[in-house]
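Have a look at the structure below before the remarks.
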Amino acid sequence: MAFDPRDADPRPLDLGRLRGLQACSSPSGRFVVLAMDHRRNLRRELRPSAPDSVTDDELVGFKRDVVSTLGPRSSAVLLDPEYGLAQCLVARAVPGSVGLVVALEATGYVGSPEARRSVILDGWGVEAARRAGADAVKLLVYYHPAAPTAPIQEDLVATTVEACRRLEVALFLEVLVYALEPGRALSGAERRSLVVEAAHRLGAFGPDVLKCEVPADPGDPEVEIEAACRELDDAVGIPWTLLSGGVSPARFERLVEIACETGASGVVVGRAVWGEATRLAGPERQRFLGQEAVARIGRLTEIVERAARPWWARHPLGSLPEPPPNWYRVSPAVAPSS
């Protein structure tokens, strides 16, 4: 049976999640999160003709280059535990003033293309991420409501939400939809319906922030994209952010503007900022990151700060009551075990 968030132990205060969301957003409550948790697909970007020849050291080096340049200009950085988290922290690439979001899932999915299943990385989890210093965690699930694995994916979301509530860790939930017929691309109308329904269904389990695809074909007329974003905003009761999904930087900036004007609380952005750097090395890579990529994340920040909705405007933690006297003695999160 799927977990119902209403069954979770009540918390008089949830200071951990509150602080995590604050740490990952700007002072105005908006998100510009640098996504650098890519693994298998980053190998393909770095060497399309022979992705398996990309060494772990090359992967780590690229992540350090990107994070050290763009991390300080972001509200938070999203890293994976395999090639990014410890390596970037030890290199001091993530300033202490920047939020830290850590991925939970193994890269890709298991199962067939029409019945995809996400799994937590072996030996990893919410508690381990918290011990490593994460302000928040991220879970990616592939989802189609009619897929035979849909209940399994829902249970994964439910148990992850339960763990995050118990440990008071903020959760970013990323949802990627797909066609049930392998190899077939979704139409704009299908994408809109699936993105909205998936956000509604999985958002009801109680993640703190949804990381959403554009709920339309990115090339659709803007009036249709705006209507789809409004439908998405109406379907969820929690903050949501837009992911770049491989669209061009200029197009993504316009999509971000539309999304924020219709209710999004910011962006989680990867390749639309640093994509071309995968084809560069040495001084050329550093020059691109320090100039063009910095300019791109600056423009996105300006759009988000001007147009996005603060996360606390539609999150229960945005208006916590005044703590009662001796609150720390009665909170289930901190009470001594019997």
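Looking only at the range 165-196, residues that are not in a loop (DSSP other than H, G, I, E, B) and not aromatic (Phe, Trp, Tyr) come to 19 in all. Restricted to the range 76-95, and to residues that are over 15 Å from the mean Cα position of the chain (by Cα) and among the charged types (D, E, K, R), which residue is surrounded by the most Cβ atoms within 10 Å (Cβ to Cβ)? That would be Glu82.
All of Glu224, Glu231 fail the test of being surrounded by 16 or more Cβ atoms within 10 Å (Cβ to Cβ) and of a type in the set (Asp, Glu), apart from Glu231. Looking across the range 71-116, the residues that are under 11 Å from Val33 (Cα atoms) and part of a loop (DSSP other than H, G, I, E, B) come down to Ser74, Ser75, Val98.
Which condition does His38 not pass, out of (1) modelled with pLDDT of 95 or more; (2) buried (at least 19 other Cβ atoms within 10 Å of the Cβ); (3) of a type outside the set (Val, Ile, Thr); (4) more than 20 Å from the chain's Cα centre (by Cα), if it passes all the others? The number of the failed condition is (4). Residue count for the range 103-118 satisfying the condition of being buried (at least 16 other Cβ atoms within 10 Å of the Cβ), without any contact (Cβ under 8 Å) to a residue 40 or more places away in the chain and of a type outside the set (Ser, Thr, Tyr): 4.
Inside the range 261-285, residues that are touching a helix residue (DSSP H, G or I) at 6+ places or on another chain (Cβ under 7 Å) and closer than 17 Å to Val247 by Cα make up a count of 9. Taking the range 259-338 as the region of interest, the helices (runs of 4 or more DSSP H) fully inside it that hold 2 or more residues being closer than 25 Å to Pro239 by Cβ and at pLDDT 95 or above are 271-274, 294-307.
The values are calculated or read from the model by the stated rules, or taken from the named source; none is laboratory data. All figures in this text were calculated on a predicted structure; none of them were measured in a lab. Heads up, the Cβs are rebuilt from the backbone with ideal geometry, glycines too, and the neighbour counts pull from every protein chain shown.
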